[in-house]
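Structure record follows, encoded as structure tokens.
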Amino acid sequence: KKWYYRVVKNNVQHVDKIVDVPNDRFQKMTQMHPWIVYKGQKARPNNGPILLVTPSEKPGAFYGITRDNWLEETTKQLRKYTDRKIIVRDKGLRGDRIGDNSIGAQCARDGVWAVVTYQSIAALEAIHYGIPAFTCAPTATQHLANTNLSLIESPMYPDEGEFQKLLNYLTYCQYTPGELGNGTAYRLIEEMQL
């Protein structure tokens, strides 16, 4: 079940900035969903594969790309810099991306070196799980994810304090149906200039 809904004023992603906000909403979410507690960077095998998460139809239509073209071009770019195995994962339906099928579960199962995605929540999930991520289009993680595929063999992992700051911020951008109905979402968006 979807408990929270993203609201973005005048955009499709929160890409402009990361606002420094209290951690109260994040702490409240962790009480309801304890698995979202952030545990930091993970060690990963030096010979691990790259998990390439394809874009879904919505961002493709918005940015004028297709899944197949992006997959072909991104694979071609990666092959200039690495000979690692590439595992292709389609985004799939929401119910197909949780539990044993989550990005974190797949990273653990396959010993993933890094996750490469167009502009998916997969980047956030990878970093949250402790794996470096690369993004190719505007996304909420763009300030903390890698964007230059030539660095695939030496990916940067964000400072843990900065990533926690992003998590805190994103909880101020996600609202329950009750908060959407009672004015809390509108009030926070206006107060925080989100």
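The values are calculated or read from the model by the stated rules, or taken from the named source; none is laboratory data. The structure displayed is predicted, hence computed values, not measured ones. No Cβ is skipped: glycine too gets one built from the backbone with ideal geometry, and neighbour counts run over all protein chains shown. Ligands, DNA and RNA are stripped out before the accessible areas are found, and what is left, the full protein with its side chains, is counted by its heavy atoms. Shrake-Rupley method; radii C 1.70, N 1.55, O 1.52, S 1.80 Å.
Of all residues in segment 32-67, those being at pLDDT 90 or above and small (Gly, Ala, Ser) number 1. Scanning segment 79-117 for residues that are surrounded by fewer than 14 Cβ atoms within 10 Å (Cβ to Cβ) and basic (Lys, Arg) gives 79, 80, 85, 94, 109. The helices (runs of 4 or more DSSP H) found wholly in segment 118-194 and carrying at least 1 residues that are open to solvent by less than 10 Å² (accessible area, probe 1.4 Å) occupy 121-129, 160-171, 184-192. For segment 3-49, residues that are open to solvent by less than 90 Å² (accessible area, probe 1.4 Å) and of a type outside the set (A, V, I, L, M) total 21. Cβ-Cβ distances below 7 Å connect the following pairs, each with a first residue in segment 23-46 that is within 17 Å of residue 4 (Cα to Cα), a second residue that is open to solvent by less than 70 Å² (accessible area, probe 1.4 Å) and among the hydroxyl-bearing types (Ser, Thr, Tyr), and a separation of six or more residues or different chains: 25/171; 25/172; 26/171; 29/171; 36/30; 37/30.
Taking segment 96-117 as the range and being within 15 Å of the chain's Cα centre (by Cα), in a helix (DSSP H, G or I) and not small (Gly, Ala, Ser) as the test, the residues that pass are 97, 103, 106, 107.
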